[in-house]
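Down below is the structure, laid out as C-alpha coordinates.
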Amino acid sequence: MADYEAIANGVIAGDEAKVVELTRKAVDEGAKPMEIIDEGLMSGMGVVGQRFKADEMFIPEVIMSAKAMSAGMEIVKPLIVGGESASKGKVLLGTVKGDLHEIGKKLVGMMMESAGMEVEDLGIDVSAEAFAKAVKEKGPDVLGMSALLTTTMLAMKDTIETLKEEGLAAKVKTMVGGAPVSSDFADEIGADGWAADAVSAKDMAVEFVGAK
(Lines give C-alpha, C1' and ligand atoms only; values in the text may rest on other atoms or scores of the structure.)
Protein backbone atom coordinates (compact mmCIF):
# COMPACT_ATOMS: atom_id res chain seq x y z
CA MET A 1 0.00 0.00 0.00
CA ALA A 2 1.21 3.48 -0.88
CA ASP A 3 2.79 5.40 1.98
CA TYR A 4 0.98 8.74 1.74
CA GLU A 5 2.35 9.90 5.09
CA ALA A 6 5.92 9.46 3.82
CA ILE A 7 5.07 11.49 0.69
CA ALA A 8 3.55 14.22 2.88
CA ASN A 9 6.64 14.22 5.13
CA GLY A 10 8.87 14.50 2.06
CA VAL A 11 6.94 17.58 0.95
CA ILE A 12 7.18 19.10 4.44
CA ALA A 13 10.94 18.48 4.46
CA GLY A 14 11.30 19.96 0.96
CA ASP A 15 13.00 16.74 -0.17
CA GLU A 16 12.24 16.74 -3.90
CA ALA A 17 14.17 13.53 -4.68
CA LYS A 18 12.34 11.62 -1.92
CA VAL A 19 8.93 12.91 -3.04
CA VAL A 20 9.63 11.90 -6.65
CA GLU A 21 10.83 8.44 -5.55
CA LEU A 22 7.83 7.81 -3.27
CA THR A 23 5.29 9.20 -5.77
CA ARG A 24 6.65 6.94 -8.53
CA LYS A 25 6.53 3.98 -6.13
CA ALA A 26 2.90 4.78 -5.25
CA VAL A 27 2.00 4.97 -8.95
CA ASP A 28 3.76 1.66 -9.64
CA GLU A 29 1.82 0.06 -6.79
CA GLY A 30 -1.45 1.14 -8.42
CA ALA A 31 -2.43 3.89 -5.99
CA LYS A 32 -5.21 6.20 -7.22
CA PRO A 33 -3.78 9.44 -8.61
CA MET A 34 -6.21 11.63 -6.68
CA GLU A 35 -5.36 9.83 -3.43
CA ILE A 36 -1.65 10.46 -4.02
CA ILE A 37 -2.45 14.14 -4.56
CA ASP A 38 -4.94 14.64 -1.73
CA GLU A 39 -3.51 12.36 0.98
CA GLY A 40 0.16 12.75 0.13
CA LEU A 41 1.22 15.86 -1.77
CA MET A 42 -1.51 18.30 -0.72
CA SER A 43 -1.67 16.95 2.80
CA GLY A 44 2.04 17.75 3.22
CA MET A 45 1.66 21.20 1.70
CA GLY A 46 -1.27 21.87 4.04
CA VAL A 47 1.04 21.34 7.01
CA VAL A 48 3.63 23.63 5.40
CA GLY A 49 0.98 26.33 5.04
CA GLN A 50 0.00 26.06 8.70
CA ARG A 51 3.62 26.20 9.86
CA PHE A 52 4.36 29.16 7.60
CA LYS A 53 1.38 31.04 9.04
CA ALA A 54 2.58 30.25 12.56
CA ASP A 55 6.11 31.51 11.74
CA GLU A 56 7.50 27.99 12.20
CA MET A 57 8.63 27.82 8.57
CA PHE A 58 10.00 30.59 6.37
CA ILE A 59 9.88 31.53 2.68
CA PRO A 60 13.00 29.57 1.53
CA GLU A 61 11.69 26.39 3.20
CA VAL A 62 8.19 26.89 1.81
CA ILE A 63 9.60 27.32 -1.69
CA MET A 64 11.57 24.05 -1.33
CA SER A 65 8.40 22.27 -0.14
CA ALA A 66 6.38 23.73 -3.03
CA LYS A 67 9.01 22.55 -5.53
CA ALA A 68 8.93 19.06 -4.02
CA MET A 69 5.13 19.00 -4.24
CA SER A 70 5.22 20.24 -7.85
CA ALA A 71 7.70 17.51 -8.80
CA GLY A 72 5.32 14.91 -7.42
CA MET A 73 2.37 16.52 -9.21
CA GLU A 74 4.21 16.33 -12.54
CA ILE A 75 4.31 12.53 -12.16
CA VAL A 76 0.65 12.16 -11.20
CA LYS A 77 -1.04 14.76 -13.42
CA PRO A 78 -0.79 12.77 -16.69
CA LEU A 79 -2.57 9.86 -14.98
CA ILE A 80 -5.69 11.82 -14.05
CA VAL A 81 -8.51 10.80 -16.34
CA GLY A 82 -11.15 13.05 -17.90
CA GLY A 83 -13.59 14.12 -15.19
CA GLU A 84 -11.21 13.33 -12.35
CA SER A 85 -9.50 16.69 -12.60
CA ALA A 86 -7.34 17.94 -9.76
CA SER A 87 -8.26 21.55 -10.51
CA LYS A 88 -10.43 23.20 -7.88
CA GLY A 89 -10.74 26.55 -9.59
CA LYS A 90 -8.71 28.77 -11.88
CA VAL A 91 -6.66 31.72 -10.66
CA LEU A 92 -4.80 34.44 -12.55
CA LEU A 93 -2.04 36.26 -10.69
CA GLY A 94 0.02 39.29 -11.62
CA THR A 95 2.11 42.13 -10.23
CA VAL A 96 0.55 45.45 -11.26
CA LYS A 97 1.92 47.98 -13.74
CA GLY A 98 5.08 49.74 -12.63
CA ASP A 99 5.96 47.09 -10.04
CA LEU A 100 8.60 44.42 -10.59
CA HIS A 101 8.36 42.46 -7.33
CA GLU A 102 7.24 38.86 -7.46
CA ILE A 103 8.58 36.68 -4.63
CA GLY A 104 5.37 37.14 -2.61
CA LYS A 105 3.21 36.55 -5.67
CA LYS A 106 5.09 33.36 -6.53
CA LEU A 107 4.57 32.10 -2.99
CA VAL A 108 0.85 32.84 -3.25
CA GLY A 109 0.75 30.89 -6.52
CA MET A 110 2.50 27.90 -4.95
CA MET A 111 0.07 27.90 -2.03
CA MET A 112 -2.92 28.05 -4.37
CA GLU A 113 -1.54 25.20 -6.46
CA SER A 114 -1.09 23.21 -3.25
CA ALA A 115 -4.85 23.60 -2.71
CA GLY A 116 -5.50 22.03 -6.12
CA MET A 117 -6.09 25.22 -8.06
CA GLU A 118 -4.96 25.89 -11.59
CA VAL A 119 -2.75 28.97 -11.39
CA GLU A 120 -1.53 31.12 -14.25
CA ASP A 121 1.04 33.78 -13.46
CA LEU A 122 0.86 36.80 -15.77
CA GLY A 123 4.20 38.05 -14.46
CA ILE A 124 5.24 41.56 -13.43
CA ASP A 125 4.41 45.07 -14.63
CA VAL A 126 0.98 43.94 -15.86
CA SER A 127 -1.24 46.74 -17.16
CA ALA A 128 -4.96 47.08 -16.40
CA GLU A 129 -5.68 46.29 -20.06
CA ALA A 130 -3.54 43.15 -19.96
CA PHE A 131 -5.34 41.91 -16.83
CA ALA A 132 -8.73 42.55 -18.46
CA LYS A 133 -7.66 40.79 -21.68
CA ALA A 134 -6.48 37.76 -19.71
CA VAL A 135 -9.73 37.62 -17.72
CA LYS A 136 -11.73 37.78 -20.96
CA GLU A 137 -9.67 35.08 -22.69
CA LYS A 138 -9.06 32.67 -19.82
CA GLY A 139 -12.23 32.99 -17.71
CA PRO A 140 -10.65 32.60 -14.26
CA ASP A 141 -12.61 32.30 -11.03
CA VAL A 142 -10.20 34.61 -9.20
CA LEU A 143 -7.85 37.42 -10.21
CA GLY A 144 -5.07 38.19 -7.73
CA MET A 145 -3.07 41.42 -7.95
CA SER A 146 0.13 42.18 -6.08
CA ALA A 147 1.99 45.44 -5.37
CA LEU A 148 4.98 46.13 -3.14
CA LEU A 149 5.31 49.84 -3.82
CA THR A 150 2.88 52.45 -2.54
CA THR A 151 3.29 54.25 -5.88
CA THR A 152 1.89 51.27 -7.82
CA MET A 153 -1.07 50.47 -5.58
CA LEU A 154 -3.41 52.69 -7.60
CA ALA A 155 -2.84 50.43 -10.61
CA MET A 156 -5.04 47.93 -8.74
CA LYS A 157 -7.87 50.48 -8.78
CA ASP A 158 -7.29 51.09 -12.51
CA THR A 159 -7.56 47.35 -13.17
CA ILE A 160 -10.82 46.97 -11.24
CA GLU A 161 -12.29 49.98 -13.06
CA THR A 162 -11.20 48.53 -16.41
CA LEU A 163 -12.87 45.22 -15.53
CA LYS A 164 -16.08 47.11 -14.73
CA GLU A 165 -15.92 49.12 -17.95
CA GLU A 166 -15.54 45.94 -19.99
CA GLY A 167 -18.35 44.12 -18.18
CA LEU A 168 -15.99 41.59 -16.61
CA ALA A 169 -16.14 42.57 -12.92
CA ALA A 170 -19.12 40.34 -12.15
CA LYS A 171 -17.43 37.33 -13.74
CA VAL A 172 -14.32 37.20 -11.57
CA LYS A 173 -13.46 37.69 -7.89
CA THR A 174 -10.64 40.18 -7.38
CA MET A 175 -8.07 39.85 -4.60
CA VAL A 176 -5.27 42.27 -3.73
CA GLY A 177 -2.18 41.93 -1.59
CA GLY A 178 1.37 43.07 -0.94
CA ALA A 179 3.18 44.85 1.90
CA PRO A 180 1.59 48.34 1.59
CA VAL A 181 -1.90 47.06 0.72
CA SER A 182 -4.55 46.99 3.45
CA SER A 183 -8.08 45.75 3.93
CA ASP A 184 -9.31 49.37 3.94
CA PHE A 185 -7.58 50.04 0.62
CA ALA A 186 -9.15 46.90 -0.87
CA ASP A 187 -12.60 48.13 0.19
CA GLU A 188 -11.87 51.61 -1.13
CA ILE A 189 -10.99 50.40 -4.65
CA GLY A 190 -13.81 47.84 -4.80
CA ALA A 191 -11.74 44.64 -4.61
CA ASP A 192 -13.59 41.54 -3.41
CA GLY A 193 -10.87 40.63 -0.94
CA TRP A 194 -7.49 41.35 0.64
CA ALA A 195 -5.00 38.88 2.05
CA ALA A 196 -2.18 39.59 4.48
CA ASP A 197 -0.08 36.57 3.53
CA ALA A 198 0.16 33.63 1.12
CA VAL A 199 -1.83 31.19 3.26
CA SER A 200 -4.67 33.69 3.79
CA ALA A 201 -4.68 34.36 0.03
CA LYS A 202 -5.00 30.65 -0.67
CA ASP A 203 -7.83 30.27 1.88
CA MET A 204 -9.69 33.24 0.41
CA ALA A 205 -9.37 31.92 -3.15
CA VAL A 206 -10.72 28.53 -2.04
CA GLU A 207 -13.64 30.34 -0.39
CA PHE A 208 -14.33 32.42 -3.49
CA VAL A 209 -14.32 29.37 -5.77
CA GLY A 210 -16.58 27.45 -3.40
CA ALA A 211 -19.06 30.33 -3.38
CA LYS A 212 -19.34 30.49 -7.17
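The values are calculated or read from the model by the stated rules, or taken from the named source; none is laboratory data. Every value quoted in this text rests on a predicted model; they were computed, and no experiment measured them. When we count neighbours, we look across all protein chains shown, and the Cβ atoms used for this are built from the backbone with ideal geometry, even at glycine. Each accessible area value is taken on the protein alone, full model and side chains, heavy atoms only, with ligands, DNA and RNA left out. Shrake-Rupley method; radii C 1.70, N 1.55, O 1.52, S 1.80 Å.
Somewhere in region 84-93, is a residue in contact (Cβ under 8 Å) with a residue 12 or more places away in the chain and more than 25 Å from Met204 (Cβ to Cβ)? Yes.
Every condition in (1) exposed (fewer than 15 other Cβ atoms within 10 Å of the Cβ); (2) in a loop (DSSP other than H, G, I, E, B); (3) modelled with pLDDT under 90; (4) charged (D, E, K, R) is met by Glu56 except one, and the failing one is (3).
Counting only helices (runs of 4 or more DSSP H) wholly contained in region 95-206, the ones carrying 1 or more residues that are open to solvent by 30 Å² or more (accessible area, probe 1.4 Å) and under 30 Å from Met57 (Cα atoms) occupy 103-114, 183-189.
Against the test of being of a type in the set (A, V, I, L, M, F, W, C), modelled with pLDDT of 95 or more, closer than 20 Å to Lys90 by Cα and in contact with a strand residue (DSSP E or B) (Cβ under 6 Å, 6 or more places away or on another chain), the options Leu163, Leu122, Leu168 yield a single qualifying residue, Leu122. Set side by side, the residues Asp192, Asp184 differ, and just one is acidic (Asp, Glu) and closer than 22 Å to Glu118 by Cβ, which is Asp192.
Do we have Glu84 as surrounded by fewer than 23 Cβ atoms within 10 Å (Cβ to Cβ), assigned to a helix (DSSP H, G or I) and at pLDDT below 90 here? So Glu84 does not fit the description; no. Taken as a whole, the condition of being closer than 26 Å to Gly210 by Cα and either among the acidic types (Asp, Glu) or open to solvent by 70 Å² or more (accessible area, probe 1.4 Å) (or both) does not apply to Glu21.
So which residues in region 28-40 are assigned to a helix (DSSP H, G or I), crowded, with 18+ Cβ neighbours inside 10 Å and without any contact (Cβ under 8 Å) to a residue 60 or more places away in the chain, if there are any at all? Result: Pro33, Ile36, Glu39, Gly40. Regarding Asp3, is this residue surrounded by fewer than 18 Cβ atoms within 10 Å (Cβ to Cβ) and farther than 14 Å from Ile75 by Cα? Yes; evaluated as a whole, the condition is true for this residue.
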